[in-house]
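Asks: Have a look at the structure that comes next, please.
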Amino acid sequence: MQGFYTILLLVASNIFMTCAWYGHLKMKQQFSWFEHLPLIGVVLFSWFLAFFEYCFQVPANRIGSSVYSAAQLKTIQEIITLVVFSFFSVLYLKEEFKWNYLVGFVFIIFAAFFIFKKW
């Protein structure tokens, strides 16, 4: 169950991280006041969201360290980041998901195979 909780917490963490890092790109188009917000305001807004990212990320790594190695935890986190970001960019940012993105992501999944393989 610890592995499952780790992945669940990492997904929640990455949703907040993606919103903190990329959400403001769309918000400046949707809200006129946000477009004119100084960069320091955007940074503070992102830090506010990143606080919640850390509230999920730290427990995920703490729980997951009893099941996975640090390299495995980082690999899981990166794959989750790519999946969350893919959905976010298509559904929220309305960007096209191109074939070469998929090919690159598949190579990263292959990398995960080598990291998790017992040699």
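The values are calculated or read from the model by the stated rules, or taken from the named source; none is laboratory data. Here the structure is a predicted model, which means the values were calculated and not measured. Cβ sites come from the backbone with ideal geometry, for glycine too, and all protein chains shown count toward neighbours.
Asks: Do we have any residue at all in region 78-91 that's assigned to a loop (DSSP other than H, G, I, E, B), exposed (fewer than 13 other Cβ atoms within 10 Å of the Cβ) and of a type outside the set (D, E, K, R)? First the steps, then the outcome.
Replies: If we filter region 78-91 for residues that are assigned to a loop (DSSP other than H, G, I, E, B), which is where we start, we get none.
No, region 78-91 contains no residue that is assigned to a loop (DSSP other than H, G, I, E, B), exposed (fewer than 13 other Cβ atoms within 10 Å of the Cβ) and of a type outside the set (D, E, K, R).
Asks: List every residue pair whose Cβ atoms lie under 7 Å apart, where the two residues are 6 or more positions apart in sequence or sit on different chains, the first residue falls within region 30-49 and is surrounded by fewer than 11 Cβ atoms within 10 Å (Cβ to Cβ) and assigned to a helix (DSSP H, G or I), and the second residue, located anywhere, is of a type in the set (D, E, K, R) and modelled with pLDDT under 90.
Replies: none
Asks: Could you check region 76-110 and list, in sequence order, the residues that are β-branched (Val, Ile, Thr) and under 26 Å from residue 64 (Cα atoms)?
Replies: Within region 76-110, the first condition is being β-branched (Val, Ile, Thr), and the residues that meet it are 76, 79-81, 83-84, 90, 103, 106, 108-109.
If the condition is that a residue be β-branched (Val, Ile, Thr) and under 26 Å from residue 64 (Cα atoms), then 76, 79, 80, 81, 83, 84, 106, 108, 109 are the ones that fit.
Asks: I would also like to ask the following. Give 77, 57 a once-over and let me know the one that is modelled with pLDDT of 95 or more and under 12 Å from the mean Cα position of the chain (by Cα). Show your work before the answer.
Replies: Numbers: 77 fails: modelled with pLDDT of 95 or more.
57 is the lone residue from the list that is modelled with pLDDT of 95 or more and under 12 Å from the mean Cα position of the chain (by Cα).
Asks: Can you tell me how many residues within region 9-29 are at pLDDT 90 or above and loosely packed, with under 14 Cβ neighbours inside 10 Å? Spell out the reasoning first.
Replies: So in region 9-29, the residues at pLDDT 90 or above come out as 9-22.
Okay, now just the ones that are also loosely packed, with under 14 Cβ neighbours inside 10 Å, so none.
Residues that pass the stated criteria total 0.
Asks: For region 80-119, enumerate the residues that are of a type in the set (Gly, Ala, Ser) and under 22 Å from residue 56 (Cβ atoms). Spell out the reasoning first.
Replies: Taking region 80-119 and keeping what is of a type in the set (Gly, Ala, Ser), we get 86, 89, 104, 111-112.
Answer for region 80-119, where residues must be of a type in the set (Gly, Ala, Ser) and under 22 Å from residue 56 (Cβ atoms): 86, 89, 112.
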